[in-house]
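Here's the structure, in structure tokens; my notes come after.
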Amino acid sequence: MKNINRRKFLKGSGLVTVAGMGGLQLGFANTMLKGGSGGSGRDLLVYVFLNGGMDGLNMVPPRSGNDYTHYTLLRPNLHIPNSISLALNGQSEFGMHPSATGMADLFNNDKMAIVHATGLVESNRSHFEATRYMELGTQGVSSLGTGWLTRYFNSSLHTPDDAVMPSVVPSYNNTDAVLGDPTALVMANPQEFSLSDGHWAWGDYMQDILAEIYASPTSLEQLVGHQTLNASTIIQGIDWDNYTPGNNAVYPAGFFGEQMRTVAQLYKNDVDLEVAYVPTGGWDTHVGQGTGTTGQFADLATELSAGLYALYQDLTATHNGKFTIIVQSEFGRRAYENSDHSTDHGYGNPMFVIGDHVNAGFYGQFPGLAPEQLFEDGDVEATVDYRDVVSEVLIKRQQNRFLGYIFPDYSDYTPLGLINGTDMSPIYEVDFDPIFASGFD
């Protein structure tokens with residue numbers, strides 16, 4: 001059968017969902033799956049999205065100066081005292097939440113950059129709308145049929161056409177970031193990635209029969225079945241239970257730790273993984289946020305920090321310098337505490353970039369917490385377009401400069417210098433077709 005170029009197929013196909021696979025949504029990715037072939041050598045981007053609106057002022061609390069004074073006044077019961085916030089090397093004005101010890105260690109070992117006051121160009125305090133705009137990669141436009149990661153892969157000149165599993169969403173829920181991408185694998189539990197219909201005793205026989213049926217695919221349906229069986233075989237061939245993380249890394253108990261571990265195991269098993277989009281929730285702290293090292297926020301910060309630190313330690317053992325982690329939320333919280341000593345929806349928020357090529361430190365401009373400096377009298381102002389952060393990683397580490405195609409209403413990329421890599425001039429043409437730039441005919 002004649003090979004079908006990945007980007008050509010994507011141009012003319014819609015999302016194909018395969019039923020009958022536990023915890024699985026899988027589409028036709030490429031003509032054949034190779035499985036465990038040694039990988040493509042591509043950098044891995046791990047994109048962690050904190051659903052619910054993380055409270056950046058308590059994750060990265062002011063530690064001195066006028067901002068600390070205003071911070072304690074705005075949050076008399078909720079602020080993190082500078083006596084318990086974690087000190088960061090070379091910094092005096094800001095620290096880290098006392099439960100985020102792993103993240104503080106990454107920063108202090110020059111492996112993490114923190115970008116102040118990022119967000120959408122226009123504020124939006126709706127979880128649904130702000131998240132959708134960020135997942136689609138647009139500002140105020142929610143009618144697109146593709147997500148920003150879909151367009152990233154469509155425009156990639158480096159992703160192999162025969163990549164096994166270029167992208168994964170280790171979650172029970174899908175994300176609009178991969179909307180319209182039939183190659184995206186949504187898989188919460190890899191051990192559920194198996195044939196689920198019929199009696200268990202027939203599993204091997206059924207798989208053999210289906211493999212024979214789909215051995216020489218001649219239609220789209222057969223190609224889907226062929227890919228599904230290959231993917232199932234590859235996933236089932238990974239020893240998920242007896243995995244020893246590198247550098248004695250310890251993943252935290254809970255689903256986020258499982259998500260991080262799944263990403264590491266897939267990447268280490270050479271399935272050509274290039275992007276892992278990791279949504280994790282619980283950050284909507286209107287009530288019960290807690291203070292210091294107790295309460296909902298402290299528990300979330302502990303799990304997030306431990307999971308990020310474990311993933312970094314694990315991957316560094318075998319893939320040093322081959323991965324970048326981005327962490328963001330749809331918006332921050334109000335600068336002042338509410339009547340329940342917690343926080344409501346806000347605006348500007350820090351982003352985190354982790355990796356061996358990161359230039360550690362603080363970036364962007366913190367706008368200040370004085371009354372006249374707050375956005376609409378109550379929020380941290382956003383001074384950095386979050387797409388500047390993402391785009392710098394896409395260009396310098398993922399080697400994709402088609403920013404106008406990935407982010408259709410974006411045309412003023414401003415690199416912050418937060419990461420090292422090969423720099424390229426961005427291309428902003430919205431109608432630019434990356435297929436022809438790759439030499440495809």
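Calculated FRET efficiency, Ala317 and Thr233, Cβ-Cβ r, R0 25 Å, to nearest 0.05?
Here the calculated transfer efficiency is 0.40.
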Checklist entry - Spin-label point model (7 Å from Cα, Cβ direction): what's the Glu93 to Asp110 distance in nm? => result 2.3 nm
Item to check | Most to least packed among 78-85, 64-71 [average Cβ atoms within 10 Å] | outcome: 78-85, 64-71
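Ranking Asp161, Asp340 by Cβ neighbours within 10 Å, fewest first, what do you get?
Asp340, Asp161
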Item to check | Evaluated at q = 0.13, 0.20 Å⁻¹: base-10 log I(q)/I(0), Debye formula over Cα of the stretch 313-441 | outcome: -0.70, -1.14
Next on the checklist: Taking R0 as 35 Å, what FRET efficiency do you get between Ala370 and Gln399 from their Cβ-Cβ distance, rounded to the nearest 0.05?
Outcome noted: 0.25
Next on the checklist: So the label point goes 7 Å from the Cα of Glu122 along Cα→C-beta, right? Which residues of the stretch 406-423 then have their backbone N under 16 Å from it?
Outcome noted: 408-411
Next on the checklist: Please list, ordered by chain and number, the residues whose modelled amide H lies under 5 Å from the amide H of Phe94; skip anything fewer than 5 residues away on the same chain.
Outcome noted: Arg63
Checklist entry - Using 0.36 nm per residue, how much length does the chain from Ser83 to Ser339 gain when fully extended, once their Cα-Cα distance is taken away? => result 89.7 nm
Checklist entry - What percent do you get for the relative contact order of the stretch 297-441 when only Cα pairs under 8 Å and 6+ apart count? => result 18 percent
Checklist entry - Taking the Cα centre of the stretch 235-382 as the origin and placing charges on Cβ (Lys, Arg +1; Asp, Glu -1), which of Val380, Gly361, Ala310 is farthest toward the positive end of the dipole? => result Ala310
Item to check | Estimated distance in nm for a label pair at Leu157 and Thr414, the labels positioned 7 Å out from Cα along Cα-to-Cβ | outcome: 2.8 nm
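Readers should treat all values here as calculations from the given coordinates under stated rules, not as data from a laboratory. Quick caveat, the model's predicted, so the values are computed rather than measured. So basically every Cβ, Gly included, is an ideal-geometry build from the backbone, and we count neighbours across all protein chains shown.
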